[in-house]
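**Student:** What follows is a single structure, and I will ask about it in a moment.
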There are 2 protein chains.
Amino acid sequence: MSNIRTSFTEYIRGLQNEICIALEEIDGKSKFREDQWERDGGGGGTTRVIEKGNVFEKGGVNISTVHGELPQPIKKHFQVSEGWFWAGGISLVIHPENPMVPTVHANFRYFELYDDAGMSRRSDAWFGGGADLTPYYLWNEDAVHFHTVLKQACDPHGSELYPLFKKQCDEYFYNTHRGESRGIGGLFFDYLRKDNGRSLADWNDFTENTGRSFLDAYLPIVKKRMHEPWNPSQSYWQEIRRGRYVEFNLIHDRGTLFGLKTNGRIESIFMSLPPRVRWDYDFLPAPNSREEKLIEVLKNPREWV
Amino acid sequence: MSNIRTSFTEYIRGLQNEICIALEEIDGKSKFREDQWERDGGGGGTTRVIEKGNVFEKGGVNISTVHGELPQPIKKHFQVSEGWFWAGGISLVIHPENPMVPTVHANFRYFELYDDAGMSRRSDAWFGGGADLTPYYLWNEDAVHFHTVLKQACDPHGSELYPLFKKQCDEYFYNTHRGESRGIGGLFFDYLRKDNGRSLADWNDFTENTGRSFLDAYLPIVKKRMHEPWNPSQSYWQEIRRGRYVEFNLIHDRGTLFGLKTNGRIESIFMSLPPRVRWDYDFLPAPNSREEKLIEVLKNPREWV
C-alpha cells in the first residue's frame, strides 16, 4: 500500500474524530451515531450523523476509503476502457437549527488510478476538496473570518492558491438555474497532481492543512451566533433557502451525482440534505430586508479578504 | 397554424379552467393566483398556483405554448443540427395538506418539429402525457379507482393501451437510487406518432380523453380522504416521503431537467415541488406499520385493475 494512501487514511480518521468531538461539545445534547458500511467491490466507510441537537439539527461527518475496478460511469468520465482506483476522503455537512448560524460543507479527498487490478501500476493520483459556508442571515465579519482562516491555511503553500481556489468555489457552488451562489463560498480545488513544480507530497500537505483549518474557520462563527434569538418567520426563510441547497446538491453537485451513478450508500450521500425544507411558489423577500440583502450578495460574489 | 395546434391550445385552456374551478370548489378557502409569462424566443404560458388552502397545501395547474428554434440541448437530444418546434401542454401537481390525501401529477402535451423557421414544413409531430398518484397512506380501493378510471379512458382507443402505458408509468416514475416507485403509478406515454395504423388524430383523441378523465380519477379520492383525521407523526411521514418526490423530480424527471436546460421559467417548473419536506438520516418506518406497507407496494408495483 502506498505511503500516501496509508497516511491519508489515518489523517481522515483523525480529522473525523477531532471534528465530531468538537461539534458534540458545542451541541451539549445530541451525540453522533455511527454506521460502518462496506462497499460491494471493495472498501467501505464510517458515517457519523448527529440529529435533533441543541445546536445542530442535522449533520454528518463521513469518511470512506473505497477501491476496485472503476465503475462504468467513471470509466466513461475518464475516457478509459479499463482501470482500477482507490479513493479516500472525508465529507461533512452541518445544518444548525438556528437560522442565524450558517450551514457548512467541507470535503477533502485523495484519488489514485491504476492500470492493474493489483493496484501496483499507478497511472495517476490527485487531491481535491474544499470548504464553503451557506448563511441564511449574513454578518460580513463572519464571511471575512471564514475566508481569512482558509486563506491563512493556503498561503504557506503559495499566495496564488487562495485567490484561485476561492474563484473556483464561487464558480462551482452556483445554482445556474437561479443565477445565484449556494452560499458565500470558501475554497474548491480538484485534480491537484504532481505538476508544474508541485509534488504530490506538496498537495498532500496543502490538502491536509486546509482540512485542519476547518474547525478554526467554522466553530468561532457557531459560538458567536448560536445564542442569537430567532423567530418563526426567520426559520421559514431558512427552510426556503435550504430548498436552494437541495436543488444544488441534487441537480448540480458532481459528488452527489457521482455517488448515485456508482451505487454509493444512499443514506451516507444524502446526509448532506437539510432536515426541514420548504418550497413556496415565487417566494420573494421583503424589499431592503436582511433576506433580500443576502440574495444580493449571492448574486454578486464578493472578495472577503 | 395547423388545426391540431389550434384545437389542442383550446383544449388545454379549457382543461386548465375546468380543473382549477373544481379544485377551488373543494378547497373552499384558497384561490388560484395566475401568472402569465412570455418566453424569450417565442410563446409563453399561464401558471396557476393555489397555496395554503383548507385542502390543498400547494398545487399548480400550468399551461404553455412555446415555439421557435430548438434550444441547443434539444437539438443534441434529437441529433439534429437545426430545427424549429412548437410545443403545447398542460402540467399539474397537487400537494394536499392532509397526509391521507394523495399527491397527484398529470401532464398532456403536443409537440411539432419543423425544417424551417416559418413552421410550414413539419417533419414530425407527437403526443405525450399521463397521470400518476403518490399516496402517503394507501387504501387499495383508491389505487383501484384511479387506475380503473384511467383504463376506462384508454380502452375505447385499444385494449392494449392501458397495460402498456401503465407499465411505462411504473418504469418511468422510479427512483432507481432508492429501488422504489415514486407512487402507485397510472399512465405514462410519449412519442405517440402517426404510425402502425394510428393517425395523429387518433392519438389527439386519446390524449384529450385521458386528460378529461383526470378529475374523475382524482377528485373522488380527495373527497373520500380529506376528512380523515391525521396526527403530527403522520404529517412527519408525509414530509419524509415528499423528500422522495423531490429526489425524483430533481434527479430523474426528464421534464424538469429539460425545463432547466432550456432556461424555462423556474418558478413554473418548480411549482411541482412540495411545500414542507424533510430529510432525516436513515428514516425507517416501524415494522408492520401502514408506512412500511406502503414501501412494500412501492418496491413491488402491482396490477390494480
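**Student:** Within segment A:183-214, can you find the residues that are under 22 Å from A:E24 (Cα atoms) and crowded, with 18+ Cβ neighbours inside 10 Å? Write out each step before concluding.
**Tutor:** Applying the first criterion (under 22 Å from A:E24 (Cα atoms)) to segment A:183-214 yields A:210-214.
Correct list: A:T210, A:G211, A:S213, A:F214.
**Student:** Also, quick follow-up: Could you list all residues from segment A:148-167 that are in a loop (DSSP other than H, G, I, E, B) and either farther than 15 Å from A:D202 by Cα or of a type in the set (S, T, N, Q) (or both)?
**Tutor:** Of everything in segment A:148-167, just one residue is in a loop (DSSP other than H, G, I, E, B) and either farther than 15 Å from A:D202 by Cα or of a type in the set (S, T, N, Q) (or both), namely A:S159.
**Student:** Looking at (1) within 14 Å of another protein chain (Cβ to nearest Cβ); (2) under 21 Å from the mean Cα position of the chain (by Cα), find the lone condition where B:I74 falls short.
**Tutor:** Failed condition: (1).
**Student:** Would you tally the residues in segment A:114-166 being under 30 Å from A:W84 (Cα atoms), touching a residue at least 60 places away in the same chain (Cβ under 8 Å) and buried (at least 23 other Cβ atoms within 10 Å of the Cβ)?
**Tutor:** Residues in segment A:114-166 being under 30 Å from A:W84 (Cα atoms), touching a residue at least 60 places away in the same chain (Cβ under 8 Å) and buried (at least 23 other Cβ atoms within 10 Å of the Cβ): 4 in total.
**Student:** Looking at segment A:229-251, can you tell me whether even one residue there is assigned to a loop (DSSP other than H, G, I, E, B), at pLDDT 95 or above, surrounded by fewer than 16 Cβ atoms within 10 Å (Cβ to Cβ) and more than 11 Å from chain B (Cβ to nearest Cβ)?
**Tutor:** Of all residues in segment A:229-251, those assigned to a loop (DSSP other than H, G, I, E, B) come to A:229-231.
Keeping just the survivors that are at pLDDT 95 or above gives A:229-231.
So of that shortlist, the ones also surrounded by fewer than 16 Cβ atoms within 10 Å (Cβ to Cβ) come out as A:229, A:231.
Those left that are additionally more than 11 Å from chain B (Cβ to nearest Cβ): A:229, A:231.
Within segment A:229-251, one or more residues are assigned to a loop (DSSP other than H, G, I, E, B), at pLDDT 95 or above, surrounded by fewer than 16 Cβ atoms within 10 Å (Cβ to Cβ) and more than 11 Å from chain B (Cβ to nearest Cβ).
**Student:** Another one. Can you tell which of B:D216, B:D205, B:D170 is in contact with a helix residue (DSSP H, G or I) (Cβ under 6 Å, 6 or more places away or on another chain) and part of a helix (DSSP H, G or I)?
**Tutor:** On the way: B:D205 fails: in contact with a helix residue (DSSP H, G or I) (Cβ under 6 Å, 6 or more places away or on another chain); B:D170 fails: in contact with a helix residue (DSSP H, G or I) (Cβ under 6 Å, 6 or more places away or on another chain).
Answer to the selection: B:D216.
**Student:** Looking at segment A:148-181 only, could you name the residues that are within 14 Å of A:N107 (Cβ to Cβ) and not aromatic (F, W, Y)?
**Tutor:** Step one: of segment A:148-181, the residues within 14 Å of A:N107 (Cβ to Cβ) are A:150, A:165, A:168-169, A:172-173.
Hits for segment A:148-181 are A:L150, A:Q168, A:C169.
**Student:** Next question, about the same structure. For A:T207, which of the numbered conditions (1) among the polar types (S, T, N, Q); (2) touching a Phe, Trp or Tyr at 6+ places or on another chain (Cβ under 6 Å); (3) within 14 Å of chain B (Cβ to nearest Cβ) fails to hold?
**Tutor:** Evaluating A:T207 over (1) among the polar types (S, T, N, Q); (2) touching a Phe, Trp or Tyr at 6+ places or on another chain (Cβ under 6 Å); (3) within 14 Å of chain B (Cβ to nearest Cβ) leaves (3) as the failure.
**Student:** Still on this structure, please answer the following. Do we have A:I266 as of a type outside the set (K, R), over 19 Å from A:V104 (Cα atoms) and surrounded by 15 or more Cβ atoms within 10 Å (Cβ to Cβ) here? Even if it seems obvious, please write down each step before you answer.
**Tutor:** Details: of a type outside the set (K, R): yes; over 19 Å from A:V104 (Cα atoms): yes; surrounded by 15 or more Cβ atoms within 10 Å (Cβ to Cβ): yes.
Answer is yes for this residue.
Here is a yes/no grid of residues against (1) free of Cβ contacts under 8 Å to residues at least 12 places away in the same chain; (2) within 14 Å of another protein chain (Cβ to nearest Cβ); (3) closer than 17 Å to A:K29 by Cα:
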site	(1), (2), (3)
A:G59	no, yes, yes
A:I63	no, no, no
A:V66	no, no, no
A:Q79	yes, no, no
A:F85	no, no, no
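**Student:** For segment A:274-289, give me the residue count where each residue is in a loop (DSSP other than H, G, I, E, B) and either hydroxyl-bearing (S, T, Y) or facing chain B (nearest Cβ under 7 Å) (or both). Let's see the steps before the verdict.
**Tutor:** Kept after step one, since they are in a loop (DSSP other than H, G, I, E, B), are these residues of segment A:274-289: A:274-275, A:279-289.
Within this subset, residues satisfying the condition of being either hydroxyl-bearing (S, T, Y) or facing chain B (nearest Cβ under 7 Å) (or both) are A:274-275, A:279-282, A:289.
Summing the residues that are in a loop (DSSP other than H, G, I, E, B) and either hydroxyl-bearing (S, T, Y) or facing chain B (nearest Cβ under 7 Å) (or both) in segment A:274-289 gives 7.
**Student:** A further question follows. When segment A:263-273 is examined, which residues are found to be more than 7 Å from chain B (Cβ to nearest Cβ) and either under 21 Å from B:S235 (Cβ atoms) or under 19 Å from the mean Cα position of the chain (by Cα) (or both)? Break it down into steps so the answer makes sense when it comes.
**Tutor:** Applying the first criterion (more than 7 Å from chain B (Cβ to nearest Cβ)) to segment A:263-273 yields A:263-265, A:268-269, A:272.
Within segment A:263-273, A:G264, A:R265, A:S268, A:I269, A:S272 meet the criteria.
**Student:** Then there's this: Does A:N3 satisfy being modelled with pLDDT under 95, surrounded by fewer than 15 Cβ atoms within 10 Å (Cβ to Cβ) and away from chain B (no Cβ under 14 Å)? Give the steps one after another, and end with the answer.
**Tutor:** Numbers: modelled with pLDDT under 95: yes; surrounded by fewer than 15 Cβ atoms within 10 Å (Cβ to Cβ): yes; away from chain B (no Cβ under 14 Å): yes.
Against the criterion (modelled with pLDDT under 95, surrounded by fewer than 15 Cβ atoms within 10 Å (Cβ to Cβ) and away from chain B (no Cβ under 14 Å)), A:N3 qualifies.
**Student:** Can you tell me which residue in segment B:92-108 is nearest to B:R5 (Cα to Cα), limited to those that are within 14 Å of the chain's Cα centre (by Cα) and away from chain A (no Cβ under 14 Å)?
**Tutor:** Keep residues of segment B:92-108 that are within 14 Å of the chain's Cα centre (by Cα), which gives B:92-95, B:102-108.
Now narrow it down to the ones that are away from chain A (no Cβ under 14 Å): B:102, B:104-108.
Values: B:P102: 33, B:V104: 27, B:H105: 23, B:A106: 20, B:N107: 17, B:F108: 13 Å.
Filtering first and then ranking leaves B:F108.
**Student:** Can you find a residue that is of a type outside the set (S, T, Y) and farther than 21 Å from A:V277 by Cα anywhere in segment B:236-253? Please lay out each step first, then the result.
**Tutor:** So the first thing to find is which residues in segment B:236-253 are of a type outside the set (S, T, Y), and the list is B:237-244, B:246-253.
Okay, now just the ones that are also farther than 21 Å from A:V277 by Cα, so none.
No - not one qualifying residue is present in segment B:236-253.
**Student:** For A:K293, state whether it is exposed (fewer than 15 other Cβ atoms within 10 Å of the Cβ) and either in contact with an Asp or Glu (Cβ under 7 Å, 6 or more places away or on another chain) or among the hydrophobic types (A, V, I, L, M, F, W, C) (or both).
**Tutor:** On the way: exposed (fewer than 15 other Cβ atoms within 10 Å of the Cβ): yes; either in contact with an Asp or Glu (Cβ under 7 Å, 6 or more places away or on another chain) or among the hydrophobic types (A, V, I, L, M, F, W, C) (or both): no.
Judged against the criteria, A:K293 is not a match.
**Student:** Would you mind telling me which numbered condition in (1) in a helix (DSSP H, G or I); (2) touching a residue at least 60 places away in the same chain (Cβ under 8 Å) A:H177 fails?
**Tutor:** Of (1) in a helix (DSSP H, G or I); (2) touching a residue at least 60 places away in the same chain (Cβ under 8 Å), only one is false for A:H177: (1).
**Student:** Could you go through segment B:138-153 and let me know if any residue there is more than 23 Å from B:T256 (Cα to Cα), of a type in the set (K, R) and at pLDDT 95 or above.
**Tutor:** Within segment B:138-153, the first condition is being more than 23 Å from B:T256 (Cα to Cα), and the residues that meet it are B:138-153.
Narrowing further to those that are of a type in the set (K, R): B:151.
Subsequent filtering for residues that are at pLDDT 95 or above retains B:151.
Looking through segment B:138-153, at least one residue is more than 23 Å from B:T256 (Cα to Cα), of a type in the set (K, R) and at pLDDT 95 or above.
**Student:** Can you name the residue in segment A:38-57 that is crowded, with 20+ Cβ neighbours inside 10 Å, within 19 Å of the chain's Cα centre (by Cα) and not hydrophobic (A, V, I, L, M, F, W, C) and, of all such residues, is farthest from the other protein chains (Cβ to nearest Cβ)?
**Tutor:** A:G45
The values are calculated or read from the model by the stated rules, or taken from the named source; none is laboratory data. Since we're looking at a predicted model, the values are computed, not measured. When we count neighbours, we look across all protein chains shown, and the Cβ atoms used for this are built from the backbone with ideal geometry, even at glycine.
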